[in-house]
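**Student:** Right, I'll just put the structure down here and ask away after.
Please treat every number below as a calculation from the coordinates, not as lab data. Keep in mind the model is a prediction, meaning the values are calculated, not measured. Cβ: placed from backbone, ideal geometry, glycine included. Neighbour counts: every protein chain shown.
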Amino acid sequence: MRPPPDETPSQLTARLKREADAQRISDNIDEEIKRDRAAQRKSRKELRILLLGQGESGKSTTLKNFRMQYAKEAWEHERSGWRSVVQLNIIRSIILILEIIEAEMSGSGPLLDDDDSSRRLSESSTSGDAFTDKHRLLMIRLAPLRGVEAALKRRLGAGAEPYRPSQPLSATPFDDPVLPIPAPKRRSEFFVRSWTDAVDGSHGQNPEIQADADSSTITFMTCKDDMRALWDDPAVQRALERRKIRLADTAGFFLNDLDRIATRSYTATDDDIVRARLRTVGIQEYLLRITDGFSLRDNAWVWKLYDVGGCRTQRSAWLPFFENTDVIIFLCPVSCFDERLDEDQRVNRLEDSTLLWRSICSTKLLTKTQLILFLNKCDLLKRKLKRGIKLKTYLPSYGDRPNEVMPVVKYLREKYKEIQKQHSPEPRVAYIYTTTVTDTTATAKTLHSIRDRVLRENLVTSNL
Ligand SMILES: Nc1nc2c(ncn2[C@@H]2O[C@H](COP(=O)(O)OP(=O)(O)OP(=O)(O)O)[C@@H](O)[C@H]2O)c(=O)[nH]1
Ligand SMILES: [Mg+2]
């Protein structure tokens, strides 16, 4: 409302006070409604948990661990479906290698990762000589895998979504939309709208789907020796090294397991499933029945877990879920300190994660939400530091502390804890875990501890 034109200073003061009072009353009512809703949910023994973090931070992998522990029947039902995802992951690695060979043989620049394109171009023109007729033959013999890739994607209902530059690409589009930026040239990853549909075990009972899966598996098995020859080839290894691509550390890497996987009788193990990569698009809800270990009776809770797509183009979809969320599990992949976002190659991944964490901590709608932070991918962090990659090159504030996993994790833990303290609208407890969520045994312990903490806290707040 506009102020009256002839308002005196005392009228102005009185009006501002009225407006502030009205705002306070409205905020209190909103707060009360939220508290009522939360209490109702808790009296029904229901909790809503949101998994947040940037793309590839490990949200879906954490969800898989939850389901492995607390939705065992569904987990087993889906097991057979993961075979196609693992096959597709392998084929994607092989196709990436084939594309590199093609690029080097034709003398064109590489398609991925490194910034120094002039160096790459001159290197690739000489390195093309490293590839011979043997590689040409392998390329021909492995060509049928492209058909298998298409068939698997069709069966999984998978798409490959290019990053759309027309969308806002800020770290936190839910509170700070910015102008679009040009998207990088990058191979798009495949995704499915819902992996529970994609890997649904009952697909195997459909004869048509089964025949299609059998034919893909046969072609895949026929290519096994050539895939292994390609992966073991020294010229291929050198080309990957030149391009600083550490395939063994990338998501969905299974090339060292070809003998075990490229067989008719292969069934995905729990470890395979947590290592398989399937990008999330949109938001998916999963129900878990969780029983606590300390109530005397009626101790079953329903946990509604929401898994979201973490890429910047996906983050605006998170906002509607903030309203009634009891717990957020935020994944920060600590190994990514020297990497950049797929969707915006100008942005350091750790910096993006930090910005995102700060924004989640400061979001008013989440004031009462319990925040749990996973400093994830500690295994990869350890390997990276061992290779001599220095944190302080990318995070100068780390200074001359030892470039080792324990001090690095301790430093990041303190940094993230401080951000939470500084930016939370009200004080809240910091729950921080150091994780490698592909390690299912260690993660099971973490999840049991979270279950107990979350349930105890919610029993107290709801006076159940
Ligand atoms: N080595 C290692 N790999 C991990 C870890 N956590 C996740 N990964 C792998 O990283 C890849 C990405 O993990 P996801 O759980 O799919 O990532 P996300 O956060 O769901 O990614 P979006 O769906 O794109 O938002 C998968 O192949 C995982 O197996 C970890 O702690 N260590
Ligand atoms: Mg995901």
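**Student:** Let a ≥ b ≥ c be the square roots of the eigenvalues of the Cα gyration tensor of the stretch 333-388; is it rounded (a/c under 1.5), or, if not, prolate (a/b larger than b/c) or oblate?
**Tutor:** oblate
**Student:** Report the extension gain between residue 146 and residue 238 in nm, rounded to one decimal, defined as 0.36 nm multiplied by the number of residues separating them, less their alpha carbon distance.
**Tutor:** Extending this stretch completely gives an extra 30.7 nm.
**Student:** Roughly how far apart, in whole Å, are the Cα centres of the stretch 366-413 and the stretch 328-361?
**Tutor:** Cα centroid to Cα centroid, the span is 12 Å.
**Student:** At 222 nm, what helix-only mean residue ellipticity would the chain give, in deg cm²/dmol to the nearest 500, using -39500 (n - 2.57) for each DSSP H run of four or more?
**Tutor:** Taken over the chain, the calculation gives -15500 deg cm²/dmol.
**Student:** Also: Taking only Cα atoms of the chain, what ratio of Rg to Rh do you get with Rh as the Kirkwood inverse-distance radius?
**Tutor:** On the Cα set of the chain, Rg over Rh gives 1.02.
**Student:** Then there is this: So for the chain: antiparallel DSSP bridges make up what percent, rounded to the nearest 5?
**Tutor:** The antiparallel fraction comes to roughly 35 percent.
**Student:** Kindly list the residues of the stretch 417-442 that lie in the label zone of residue 27, defined by a backbone N under 15 Å from the point 7 Å along the Cα-to-C-beta vector.
**Tutor:** 424-427
**Student:** If you don't mind, there's one more thing I want to ask. Could you check the spin-label model distance between residue 400 and residue 383? Points 7 Å from the Cα along Cα→Cβ, value in nm.
**Tutor:** 3.2 nm
**Student:** Longer than 31 Å from Cα to Cα, which of 45/421; 304/390; 72/392; 42/377 are they? Say none if no pair is.
**Tutor:** 304/390; 72/392; 42/377
**Student:** Could you check the spin-label model distance between residue 72 and residue 222? Points 7 Å from the Cα along Cα→Cβ, value in nm.
**Tutor:** Label at residue 72, label at residue 222, 4.2 nm between them.
**Student:** Additional query: Work out the FRET efficiency for residue 346 and residue 14 from their Cβ-Cβ distance, taking R0 = 35 Å, and round it to the nearest 0.05.
**Tutor:** Using R0 = 35 Å, I get an efficiency of 0.10.
**Student:** On the principal axes of its Cα set, how long, how wide and how thick is the stretch 221-322? Give whole Å, largest value first.
**Tutor:** The Cα atoms of the stretch 221-322 stretch 61, 37, 24 Å along their principal axes.
**Student:** Between residue 6 and residue 292, 0.36 nm times their residue separation minus their Cα-Cα distance comes to what?
**Tutor:** 96.5 nm is the gain from fully extending residue 6 to residue 292.
**Student:** Once fully extended, how much extra length lies between residue 96 and residue 317, figured as 0.36 nm per residue of separation less the alpha-carbon to alpha-carbon distance?
**Tutor:** Residue separation times 0.36 nm, minus the Cα-Cα distance, leaves 76.5 nm.
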